[in-house]
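**Student:** Next up is a structure, given as structure tokens.
The values are calculated or read from the model by the stated rules, or taken from the named source; none is laboratory data. Just so we're clear, the structure is a prediction, and the values are computed from it rather than from any experiment. Cβ coordinates were reconstructed from backbone atoms using ideal geometry, including for glycine residues, and neighbour counts include every protein chain displayed. Keep in mind that these areas ignore ligands, DNA and RNA; they rest on the heavy atoms of the full protein, side chains included. Shrake-Rupley method; radii C 1.70, N 1.55, O 1.52, S 1.80 Å.
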Protein chains: 2
Amino acid sequence: MTVDKETNQVKLGTFIFERLSQIKDFHSVFGVPGDFNLPLLEHIYNVPSLNWIGNCNELNAGYAADGYARVNGVGALITTFGVGELSAINAISGAFTEGAGVIHIVGTSSTISKRSTTPLGVHHLIPNKNTWDRSQDHFTYEKMVEPFCCVSETLDDTKLDQVQSQIDNVIEQVAKQSRPGYLFVPVNMANMDISVDPKKRLNFKTYRSDKQQAKELASVILERLYATETAIVGDQWFKTRRHKLNKFIKENGFHCFSTFLGKSVIDENQEHFHGVIAGELSTEGSLQVLNQFDAVLHLGVNHNEMNNFRNWSPSQHVKNVMEIGKDYVRIDNQLYTYVDGELVFDELVIQFDSTRLLKKKEIIPRLSQNLPELDKSANVSQKSLFQTVQTYLRPNDVVVCEMCSFLFAIPDLKFPQNITFVTQNFYGSIGYALPATLGASLAVKDDNSNRRVLLIEGDGSSQMTIQELSSLTRYNVKPTVLLLNNEGYSVERIVLGPERPYNDIQPNWQWTSLLKAFGDTDEKKSVNIRVDSTLALEKALNREDDRLKFIEIAGLNKLDVPWRFAYLCGKHDN
Amino acid sequence: MTVDKETNQVKLGTFIFERLSQIKDFHSVFGVPGDFNLPLLEHIYNVPSLNWIGNCNELNAGYAADGYARVNGVGALITTFGVGELSAINAISGAFTEGAGVIHIVGTSSTISKRSTTPLGVHHLIPNKNTWDRSQDHFTYEKMVEPFCCVSETLDDTKLDQVQSQIDNVIEQVAKQSRPGYLFVPVNMANMDISVDPKKRLNFKTYRSDKQQAKELASVILERLYATETAIVGDQWFKTRRHKLNKFIKENGFHCFSTFLGKSVIDENQEHFHGVIAGELSTEGSLQVLNQFDAVLHLGVNHNEMNNFRNWSPSQHVKNVMEIGKDYVRIDNQLYTYVDGELVFDELVIQFDSTRLLKKKEIIPRLSQNLPELDKSANVSQKSLFQTVQTYLRPNDVVVCEMCSFLFAIPDLKFPQNITFVTQNFYGSIGYALPATLGASLAVKDDNSNRRVLLIEGDGSSQMTIQELSSLTRYNVKPTVLLLNNEGYSVERIVLGPERPYNDIQPNWQWTSLLKAFGDTDEKKSVNIRVDSTLALEKALNREDDRLKFIEIAGLNKLDVPWRFAYLCGKHDN
Ligand SMILES: Cc1ncc(C[n+]2csc(CCOP(=O)(O)OP(=O)(O)O)c2C)c(N)n1
Ligand SMILES: Cc1ncc(C[n+]2csc(CCOP(=O)(O)OP(=O)(O)O)c2C)c(N)n1
């Protein structure tokens, strides 16, 4: 730490970056400069382990920080007052909805102008509705983010003694809750001296509820586990606990499922994994297996129209459903709120006595994946793409998928071990996936795992945030990009207006020249390939090449979507 | 109207578009489809005079609608629940701050799911903070926009008899106030039948305050105008009244000024125009002229740090300042609020008796523009660019300028007659100008004026919203684009960190191949030229060509900014 040893003083801006650098594997900070954050940005150069990743715009920075957080737990972006922070707000709303730990640091107007009794009319700040009134509400934007964050702190130079705990609070809450948090830093404060307690460490471990209660709930659940054979369902809010959960499942041979939004929580390679359950959107045969159980332990529950398509719920199949949620427990329809689900689960693992488990039931296994023979010389279709992707996947891959048609095939993919699946399958803001791929790719660089990153996205979504493609080569990351060129918004075509112009996009984008136009003129850092047949796609995927691979899949039929999406729209005909 | 003659019934969606089509010269609707607005979009095809302009993303759609509104008075965009509307919110905040009449129509969740007591967990909608609680606040997003709009209406199928007045209210308020308004349309309502009053017309003319009071204020102001020689200052909020204002000024030979934000309000070609006043940022000699007056009538006042740099105000030069604001009048420091300034001005013009005016003062004229000889073979500089643009401009041009370095030279330009100047010089969200150019270009098509549109923007700003370049050729508009390639964020470099990486952007973008990559492969619709010398720039500008002209100005020095910007940053040295 660059804290002065005698005075315990440090520059506020430097302290922020030092604290960020103490997060595990955290080395990249995203964002866009502006005159309200420049003095803060200067301090990043005092912390050598951090890199500034300049994005093309703030929405992209938000998505990138989200992608980073999905892999490494916490991501951060820095934007400027008003114009920057509002541009990113949709990314933050998405991060909240999907559970990504994004720290959004905003450089705001100075405390001097905030307090001034002769208001100046500060740029970037919304004026008073009455033009005669020069006063502005400097907190207009800060007030808006309340629904989108788990913590928000505004630094204040009349309370410099609180700054350390405010900064720490944002980082700790975001890391702990996997949800966005805001830190508002007035522009004149970045260079101020603050006194800090150099011995205080960031605390990422505190549980958010009472341990005794958690112990008791765990033991109630365990008694049921011992008494009835119980299947485990791994859902979205347990992504953060998935390693521990899979260990527990494997060691004890539990039968298990995942949900649509929980895809990737459960290791799908264990003998007793029976697929994804989501009512009529479930993988083939999964509900039949579920029917054979009397009890389910549902972890990290996320109830909504994706997981619970047409109001389906596991309780339609199983008498006894116990839920350990993110922040609650439900047993026998008795609800215990403000309970830290991870703590309950941790207690359950501690107390668990495997000798008391019932003998495993003989389960009629679900139908095994039945992949038809492909005509590899034919145009790529959603079905053939599915098989190609299935074959391509390897353990530890990071798979990023846009809210495009292919997303609805993903539950049917059998994920190899330890896939990190990055998507917004509930919030579903298109354009997310490309910048998120930048974030995820930097994360696997920063944690030295160098895992492969695969991005699958539609042409319509890609256009939303296409400039961030240029940041991939700028920051030397090498994901493989599959661009599904099906001439517009196919998923919308299935919903309404299959031939309507509103579902078209500017046709004829030269996808494979984009990276060149964005600066990789001689393809030093990327290789850009257009394919139409499955054969060509496989060849492109298998090609040994150390550059970023951008593969445009041309010739897809614009009305071809996976069965699950047609079903979702009530338009499935077989 | 497609209203049924017997029943007076019409489909709600169709009615919305019919009403929009009744706005003068209104033929383009911007936006992006989504499953919450598709049923509404279908109805646009019932109104043949309207065109759907699909944007690459929603922020761009917001900027485009703003650019359209700047030229034709009202613009509109349609987005989808959450993901779409939040993506556009920064554009709406900008439109509010700068005064653009943008109607933002949002397709929201159905009234059924809004009312449901067994909440479904609707996608795109932020979930409850407590994961055990499946209820969602369907109005989360609607509540956020209050600071950014002058009107907001939520349609409700239990109040179908109010729908017509709600729709009309949004359109009328937006048109009248030149500020954004929201219309929230639940997805299940677009196809509902509503009864309308077929005789009711949209009313764009109502004043928003009492006529008698306006008359009295006008006459008080007039008495002063007759008694003291008074200069007129035209400021931002009188953009909407500029034709009438200029007529009044010219007919009576008033001395006049504009402000930084009011640039383009006053016709600069009249004999008695004395430049832009904004304290130390004023055009050369303007304050000396102002000093010679005893009174000022300031119209459309917008007080803030741009117009009132370092707390400057006209009252430092002139004893008596009268203000007719957008919504107030101030005389002798007596403030009259909630007064419609346009009404007061209209009354003033009616009551005006030119025979009572004092004889014009002999004014020592301000220094005339002193353009030094250019070395036209040298690299383009900010100074030479200024001269080139000055020479290029013609009456009736639409000039769009980004919040980039060149914006700060614009006050020194002498605008030919009837320039429409489109910029965000106070809100200053970069990325605005390119999509706004799409909007402005469609507006000059829609009103059949076919005015020339010139866009001036920096490379950093352009990257923010670059995909919308492709919509220019998609929708066959032909602005001239000047792209200032100075390797990054020059204005930020002057503020802080001239050599810092945070002020760099991905270098080496092939600007002149972008339009080709975006679909105009054989340059049928655009010509793309890279220049570095003034000579080459002039040649490119003068070239007869009926296509969109994209001109990249390369070789600009990255620390070269107009004097006014250096001054603003306290870094001017001559
Ligand atoms: C920000 C945002 N705007 C609009 C939508 C509505 N939307 C959902 S999917 C989709 C189309 C995606 O098209 P594409 O990426 O081409 O994938 P495809 O369906 O063709 O596979 C749209 C417009 C959205 N989800 N998010
Ligand atoms: C949305 C948004 N993000 C960030 C900023 C801060 N900002 C103001 S000007 C500017 C740089 C503009 O650079 P460029 O367009 O290249 O113009 P130049 O200054 O080089 O002429 C930035 C980043 C802003 N105003 N708006």
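**Student:** What total accessible area, in Å², is buried where chains B and A meet, using a 1.4 Å probe and rounding to the nearest 100?
**Tutor:** On the way: alone 24090 and 24090 Å², together 40040 Å².
Buried area between the two chains comes out at roughly 8100 Å².
**Student:** Provide Rg over Rh for region B:57-204; use the alpha carbon set for both Rg and the Kirkwood Rh (inverse mean inverse pair distance). Show your work: numbers first, answer last.
**Tutor:** Working: Rg = 15.8 Å, Rh = 15.9 Å.
Ratio of gyration radius to Kirkwood radius: 0.99.
**Student:** Right, next: Hey, what do the phi angles of region B:486-503 turn into as Karplus ³J(HN,Hα) couplings, whole Hz, using 6.51/-1.76/1.60 and θ = phi - 60°, x for Gly and Pro?
**Tutor:** 10, 6, x, 8, 4, 4, 5, 4, 6, 5, 6, x, x, 10, 6, x, 5, 9
**Student:** Also, I was wondering about something else. Long-range amide H contacts for A:Val276: which residues qualify at under 5 Å (H placed 1.01 Å from N, peptide plane, sequence gap of 5 or more or a different chain)?
**Tutor:** A:Ser258, A:Thr283
**Student:** Still on this structure, I have one more. Which one of B:Pro127, B:Ile112, B:Val170 has its Cα pushed farthest toward the positive end of the charge dipole of region B:95-244, where Lys and Arg give +1 and Asp and Glu give -1 at the Cβ?
**Tutor:** The one lying farthest along the dipole's positive direction is B:Val170.
**Student:** From largest to smallest, what semi-axes in whole angstrom does chain B give when each is the square root of 5 times an eigenvalue of its alpha carbon gyration tensor? Walk me through the numbers before you get to the answer.
**Tutor:** Details: eigenvalues 316, 215, 93 Å².
Listed largest to smallest, the semi-axes of chain B are 40, 33, 22 Å.
**Student:** If you don't mind, there's one more thing I want to ask. Which of A:Lys250/A:Lys383; A:Lys24/A:Lys247; B:Lys376/B:Lys549; A:Lys244/A:Lys383; B:Lys263/B:Lys361 have a Cα-Cα distance over 26 Å? Before the final figure, lay out each step's value.
**Tutor:** Numbers: A:Lys250/A:Lys383 32 Å; A:Lys24/A:Lys247 22 Å; B:Lys376/B:Lys549 21 Å; A:Lys244/A:Lys383 34 Å; B:Lys263/B:Lys361 24 Å.
As for pairs spanning more than 26 Å Cα to Cα, those are A:Lys250/A:Lys383; A:Lys244/A:Lys383.
**Student:** Okay, next question. Which value at 222 nm does chain B reach when only helices count, each DSSP H run of 4 or more adding -39,500 (n - 2.57), with the total divided by all residues and rounded to the nearest 500 deg cm²/dmol?
**Tutor:** Working: 20 runs with 179 residues, N = 574.
That calculation yields -9000 deg cm²/dmol at 222 nm.
**Student:** What translational diffusion coefficient, to the nearest whole µm²/s, does region A:382-568 have by Stokes-Einstein, given a Kirkwood radius computed over alpha-carbon pairs, a temperature of 20 °C and 1.002 mPa s viscosity?
**Tutor:** Details: Rh = 16.6 Å.
D = 129 µm²/s.
**Student:** With contacts defined as alpha carbon pairs under 8 Å and 6 or more residues apart, what's the relative contact order of chain B in percent?
**Tutor:** Values: 1184 pairs, mean separation 74.0, N = 574.
Worked out over chain B, it gives 13 percent.
**Student:** Starting from 0 in steps of 10 Å, tell me what percent of the Cα-Cα pairs of region B:103-163 lands in each bin.
**Tutor:** 18, 47, 30, 5
**Student:** Quote the FRET efficiency, to the nearest 0.05, computed for A:Asp546 versus A:Lys5 with a Förster distance R0 of 60 Å and r equal to the Cβ-Cβ distance.
**Tutor:** Numbers: r = 46 Å, r/R0 = 0.76.
Efficiency, rounded to the nearest 0.05: 0.85.
**Student:** Probe radius 1.4 Å, ligands and nucleic acids left out: which of B:Arg241, A:Arg394, B:Arg310 has the largest accessible area, and how do the rest follow?
**Tutor:** Numbers: B:Arg241 45, A:Arg394 115, B:Arg310 135 Å².
Descending accessible area places them as B:Arg310, A:Arg394, B:Arg241.
**Student:** Take every residue in peptide A:495-502, count the Cβ atoms of other chains within 10 Å of its Cβ, and give the average of those counts.
**Tutor:** Working: counts 5, 7, 6, 0, 0, 7, 7, 14.
Going residue by residue through A:495-502 and averaging, the value is 6.
**Student:** Continuing with this model, one more query. Within 10 Å of each Cβ in peptide B:25-34, how many partner chain Cβ atoms are there on average? Round it to a whole number, please.
**Tutor:** Details: counts 0, 0, 0, 0, 1, 0, 1, 9, 12, 6.
Mean inter-chain Cβ contacts per residue within 10 Å come to 3.
**Student:** Same structure again: In debye, nearest 20, what is the charge dipole magnitude of region A:81-234 about its Cα centre with +1 on Lys and Arg Cβ and -1 on Asp and Glu Cβ, if you could check? Don't skip to the end; give the middle numbers.
**Tutor:** Numbers: 16 positive and 18 negative charges, 22 e Å.
Its charge dipole is roughly 100 debye.
**Student:** Further question: State, to one decimal in nm, how far the label point of A:Lys247 lies from the label point of A:Asn169, with both points 7 Å from Cα in the Cβ direction.
**Tutor:** 3.3 nm
**Student:** Let me ask another. Given the peptides A:377-389, A:402-414, arrange them by the average over their residues of other C-beta atoms within 10 Å, most packed first. Could you put the intermediate results ahead of the total?
**Tutor:** Details: A:377-389: 18.2, A:402-414: 23.0.
Listed from highest to lowest mean packing, they are A:402-414, A:377-389.
**Student:** Given +1 on the Cβ of Lys and Arg, -1 on the Cβ of Asp and Glu, and no further charges, what dipole in debye does region B:211-356 carry about its Cα centre, rounded to the nearest 20?
**Tutor:** Numbers: 15 positive and 20 negative charges, 42 e Å.
Once rounded to the nearest 20, the dipole reads 200 debye.
**Student:** Now a separate question. Ignoring any ligand, DNA or RNA, what whole percent of the accessible area of the protein assembly as shown comes from carbon and sulfur when the probe is 1.4 angstrom? It would help to have the intermediate numbers written out before the result.
**Tutor:** On the way: 19140 of 40040 Å².
In the protein assembly as shown, the share of accessible area belonging to carbon and sulfur is 48 percent.
**Student:** Follow-up question, since we're still on this one. From the backbone phi of region A:115-126, what are the Karplus-calculated ³J(HN,Hα) couplings (6.51 cos²θ - 1.76 cosθ + 1.60, θ = phi - 60°) in whole Hz, Gly and Pro given as x?
**Tutor:** 8, 4, 8, 10, x, 8, x, 7, 5, 6, 10, 3
**Student:** Report the full-extension gain for the segment A:Lys200 to A:Leu374: residue separation times 0.36 nm, less the Cα-Cα distance, to one decimal in nm.
**Tutor:** Details: separation 174, 0.36 × 174 = 62.64 nm, distance 6.03 nm.
Stretched fully, the A:Lys200-A:Leu374 segment lengthens by 56.6 nm.
**Student:** Can you pull out the GluC sites (Glu not before Pro) in region A:316-389 that DSSP calls coil and that have at most 16 other Cβ atoms within 10 Å? Present the calculation step by step, with values, prior to reporting the outcome.
**Tutor:** On the way: sites: A:Glu323, A:Glu342, A:Glu347, A:Glu362, A:Glu373; in loops: A:Glu362, A:Glu373.
Filter output for region A:316-389: A:Glu362, A:Glu373.
**Student:** A follow-up question, please. If you average the alpha carbon positions of region A:420-485 and of region A:311-382, how far apart do those two centres end up, in angstrom?
**Tutor:** Each part reduced to its Cα centre gives a spacing of 29 Å.
**Student:** In region A:216-230, which residues have a backbone nitrogen under 15 Å from the label point lying 7 Å from A:Lys319's Cα in the Cα-to-Cβ direction?
**Tutor:** Those under the cut-off are A:224-230.
**Student:** Amide H neighbours of B:Val102 under 5 Å, at least 5 residues apart or on other chains, H built in the peptide plane: list them.
**Tutor:** Amide H neighbours of B:Val102, under 5 Å, 5+ apart: B:Gly75, B:Arg179, B:Gly181.
**Student:** Now for a separate question. Which FRET efficiency, nearest 0.05, do B:Lys414 and B:Arg310 yield, Cβ-Cβ r, R0 30 Å? Walk me through the intermediate numbers first.
**Tutor:** Numbers: r = 25 Å, r/R0 = 0.85.
My answer for the efficiency is 0.75.
**Student:** Can you give me the long-range amide H partners of B:Arg530? Hydrogens built in the peptide plane at 1.01 Å from N, cutoff under 5 Å, separation of 5 or more residues or another chain.
**Tutor:** B:Glu552
**Student:** Starting from 0 in steps of 20 Å, tell me what percent of the Cα-Cα pairs of the protein assembly as shown lands in each bin.
**Tutor:** 12, 41, 35, 11, 2, 0
**Student:** Any idea of the accessible area per residue across the protein assembly as shown, 1.4 Å probe, to the nearest Å²? Display every interim value, and only then the final one.
**Tutor:** Working: 40040 Å² over 1148 residues.
Accessible area per residue: 35 Å².
**Student:** What is the antiparallel percent of DSSP beta bridges lying wholly in chain B, to the nearest 5? Before the final figure, lay out the partial values.
**Tutor:** Working: 10 of 73 bridges.
DSSP beta bridges in chain B are roughly 15 percent antiparallel.
**Student:** A follow-up question, please. Work out from phi, with θ = phi - 60° and the Karplus expression 6.51 cos²θ - 1.76 cosθ + 1.60, the ³J(HN,Hα) of each residue of region B:150-156, listed in order in whole Hz, and give x for Gly and Pro.
**Tutor:** So the J values, rounded to whole Hz, are 9, 7, 8, 10, 10, 6, 9.
**Student:** At A:Asp193, with labels set 7 Å past Cα in the Cβ direction, how many nm apart are the copies from this one, shortest first?
**Tutor:** 7.8
**Student:** Another one. Taking R0 as 25 Å, what FRET efficiency do you get between B:Ile363 and B:Thr391 from their Cβ-Cβ distance, rounded to the nearest 0.05? Kindly include the intermediate steps, with their values, before the conclusion.
**Tutor:** Numbers: r = 27 Å, r/R0 = 1.10.
That pair, B:Ile363 with B:Thr391, gives E of 0.35.
**Student:** For the protein assembly as shown, what is the charge dipole size about the Cα centre, in debye to the nearest 20, if Lys and Arg each add +1 at the Cβ and Asp and Glu each add -1 at the Cβ? Mind showing how you got there, number by number?
**Tutor:** Values: 118 positive and 138 negative charges, 37 e Å.
Taking the Cα centre of the protein assembly as shown as origin, the dipole is about 180 debye.
**Student:** Ignoring ligands and nucleic acids, what accessible area does A:Ser87 show with a 1.4 Å probe (Å², nearest 10)?
**Tutor:** Solvent-accessible area, nearest 10 Å²: 10 Å².
**Student:** Would you mind calculating the gained length between A:Thr118 and A:Asn448 on full extension (0.36 nm times residue separation, minus the Cα-Cα distance), in nm to one decimal? Write down the numbers at each step before the final one.
**Tutor:** Details: separation 330, 0.36 × 330 = 118.80 nm, distance 5.28 nm.
Using 0.36 nm per residue and subtracting the Cα-Cα distance, I get 113.5 nm.
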